[in-house]
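In what follows, a single structure is set out as structure tokens and then discussed.
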């Protein structure tokens, strides 16, 4: 009986996660003549994670991305960096509409990228370098795989941001990269995940020395992999290297330091983390429960009085590494607003256990309702790079006290009470004295 209950609970938990995770249909669009077998390890890793993959050429009209405004594929992988023309459904406007419906894009480019993709990336504040330019570094390159041009970079992952890249991957071996570079703009929704070393620059790999002036991209500001999360939580990742996904780079040995033993490169782990984030398998925040109440009696209501002490609780869990965990943060804020925020308060971690889920953290705030009646909103608007956005609103009314709820004796009015009593006593005394005359 106990085993049956545990199995039933496990099934329910799996169903809950499955309901929240996105669907598993992927369409891969590739250049004509691109050898997809060079990326067999990548395709097999996606299939092992339960994805159904369909392939088509960049010039094919079938299969379609949508069927009567319904998504046929939930994710799109673009392995077509050199293509200059696409079917109408792969035009920039169609891809934008595709993202607007909640689909995710993984755009993989190369130094042979066409102007089509440079224009498309600029819509997201990403500017790729000219065609034929590669990221070059004469200090941090792979001597085993490099052809003498110093374009096969060996990049440590310790500085990769979370939750895009997991702690295990950041602590693992470095990554092999050979491809183009880009400049990352200031769009708040955009994050640079992987950047070049400080000694790198972007230029033509023709054996000539780089110019000392007029370098468009150089140093650690040179982006290699960047990602954007739209306001509807759809995700787009731009990668400037096809070789990063290749079997040759995934299985290549690298040395973590001079004289150390060679280990397998970190490409496989990096790609797994990047695709998990892009396809919505990690970096998700879920609100389990929201509660507001008076602290005096713990009663939840849609109507509170001016001056009531209120408590607001929100339970948040995070999906990372395939499972839900309590979300740990110290930067959540609560706004209690009518037209403008009347109060903006920090939400601190509560010692009380969440009643909705054991995988959530409870954040709480206590405050007194402002001395103004009207329709107010409890609002939590939380937007952090890499995490799905939280936008929760709860509307309540704040009313003045009823006529029988005002205080009958006000301490601050003692001088007025004394003045009224003294005048009354003086009047009575005067009347008495007048009558005794």
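The values are calculated or read from the model by the stated rules, or taken from the named source; none is laboratory data. What you see is a predicted model; the values in this text were computed from it and never measured. Because the Cβ atoms are built from the backbone with ideal geometry, glycine has one as well, and the counts that use them run over all protein chains shown.
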Within region 148-159, residues crowded, with 18+ Cβ neighbours inside 10 Å and part of a loop (DSSP other than H, G, I, E, B) come out as 150, 151, 152, 157
When every residue in region 160-177 that is assigned to a loop (DSSP other than H, G, I, E, B) and out of contact with any helix residue (DSSP H, G or I) (no Cβ under 6 Å at 6 or more places or on another chain) is compared, the one nearest to residue 243 (Cα to Cα) is 174
Determine if region 33-44 includes at least one residue that is part of a helix (DSSP H, G or I), in contact with a strand residue (DSSP E or B) (Cβ under 7 Å, 6 or more places away or on another chain) and closer than 26 Å to residue 267 by Cβ. yes
Within region 343-358, residues under 23 Å from the mean Cα position of the chain (by Cα) and in contact (Cβ under 8 Å) with a residue 24 or more places away in the chain come out as 347, 357
Picking from 82, 97, the residue that is part of a loop (DSSP other than H, G, I, E, B) and either free of Cβ contacts under 8 Å to residues at least 24 places away in the same chain or closer than 27 Å to residue 47 by Cβ (or both) would be 82
| Residues in region 180-200: is at least one farther than 21 Å from residue 269 by Cα, crowded, with 23+ Cβ neighbours inside 10 Å and modelled with pLDDT under 95? | yes
Meets criteria (in the same structural domain as residue 216 (by TED's automatic domain parsing), within 30 Å of residue 119 (Cβ to Cβ) and part of a loop (DSSP other than H, G, I, E, B)) for residue 187:
yes
Open item on the list: Take residue 207 and tell me if it is part of a loop (DSSP other than H, G, I, E, B) and at pLDDT 95 or above.
Closed with: no
